[in-house]
C-alpha cells in the first residue's frame, strides 16, 4: 500500500458520487466505505501516491453534483504497515 486516500461526506449519495469520480479519475482501488453515523460516510481508496492524490482532489468536488456536504478529505502517503490492519 503506497498511499491511502479518504473523502468524508454527509450523504451516502455524495459518497458514492465521490467514489465513482475517484475511480474514474485515477488508478485507485476501494478499500472500504465506512458509515460513521448521522449520515456521515467515508470512502477509503488506495494506490500509488500520485493516483490517490489525484483521486482525492477529484472526489472533493464530486459532492457538489449531489448536494451533499464535504466533511473532510486526506491523503496519507506511505502509511505505516500496521495501519492496514485497522482498515
### In the range 34-58, the residues that are in a loop (DSSP other than H, G, I, E, B) and either in contact with a helix residue (DSSP H, G or I) (Cβ under 9 Å, 6 or more places away or on another chain) or over 16 Å from residue 15 (Cα atoms) (or both)
39, 48
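Every residue, every condition in (1) outside any strand (DSSP E or B); (2) crowded, with 19+ Cβ neighbours inside 10 Å; (3) in contact with a strand residue (DSSP E or B) (Cβ under 9 Å, 6 or more places away or on another chain), yes or no:
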residue	(1), (2), (3)
20	yes, no, no
24	yes, no, no
32	no, no, yes
60	yes, no, yes
63	yes, yes, yes
68	yes, yes, yes
74	no, no, yes
81	yes, no, no
84	yes, no, yes
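Any read-out appearing in this document is the output of simple, stated calculations on the displayed coordinates, not a laboratory observation. Remember, it's a predicted structure, so these values are computed and weren't measured experimentally. Cβ atoms come from the backbone with ideal geometry, glycine included; neighbour counts cover every protein chain shown.
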